[in-house]
Amino acid sequence: MCQDDSVSSENIDQQIQLYGQPLSERFGNVVAAYRITQRRLAEVLGLSAPMLSQLISGRRIKIGNPAVYERLVMLEDSVGAQDIEAVLRRVEAAQPVLSTTQIRTGISTETDAVTALATVVPSGELERALIMLGEHTPVLSKVLSMAEDMSRRTRDAQD
């Protein structure tokens, strides 16, 4: 492994800590859902295409502008909307106001919600819910997946 690969791998690990998953996955999901190019995604987010590329490859860790991140979240929240072009125009024109301390991150550690689900809902039911949701609700799917894993580990420890 060359040093660039090692640095990119470390950077991607940091992206997972910050955003819950690598930015390449988040951007890739949006590109696929809206059937747009990376260049168009960069335009909608208000980010340069080279910067988007660096974030995807892991050469950069963090989205520096909170408004860009909030536009990404807006796109993720609107996946499945009927009028894709209207969503893209609305998000591109949006001027979200927030500070870096308000940035929402993905779930990367066990939380009270995960523990509650793992304790209350049988793992088979969690698995069925996860299958039903599929890729349409990535954050909720991640919570359910973590709860299912926790439930399975707890059950295995008791056996």
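Each reported figure results from applying straightforward, stated rules to the coordinates on display, with no laboratory input. This one's a predicted model, so the numbers in the text were calculated from it and none came from an experiment. When we count neighbours, we look across all protein chains shown, and the Cβ atoms used for this are built from the backbone with ideal geometry, even at glycine.
Hydrodynamic radius of the stretch 112-158 by the Kirkwood approach over all distinct alpha-carbon pairs: 10.4 Å. Under 13 Å from a point placed 7 Å out from the Cα of H136 along the Cα-to-Cβ direction: which residues of the stretch 60-82 have their backbone N that close? Counting backbone N atoms under 13 Å from the label point, the list is 79-82. Backbone phi angles across the stretch 147-155, fed through the Karplus curve with coefficients 6.51, -1.76 and 1.60 (θ = phi - 60°), yield HN-Hα couplings of 5, 4, 4, 5, 4, 5, 4, 5, 5 Hz in residue order; Gly and Pro are listed as x. Working from label points 7 Å from Cα in the Cα-to-Cβ sense, the V7 to A93 distance is 4.1 nm. On alpha carbon coordinates alone, what is the Rg over Rh value for the chain, Rh being the Kirkwood radius? Result: Rg/Rh = 1.02. For the stretch 1-64, the normalised intensity computed at q = 0.26 Å⁻¹ comes to -1.10 (log10 of I(q)/I(0), Debye sum over alpha carbons, equal scatterers, no solvent).
Computed from the C-beta positions of Q14 and Q38 and an R0 of 22 Å, the FRET efficiency is 0.55 to the nearest 0.05. Using only the alpha-carbon atoms, how far is helix 23-34 inclined from the longest principal axis of the chain? Give it as 0 to 90 degrees, nearest 10. So the inclination is approximately 80 degrees. Each peptide in 117-129, 23-35 receives the mean, over its residues, of other Cβ atoms within 10 Å, and ordering these scores from highest gives 23-35, 117-129. Fully extending the segment from E127 to A157, taken as 0.36 nm per residue of separation minus the present Cα-Cα distance, adds 8.9 nm.
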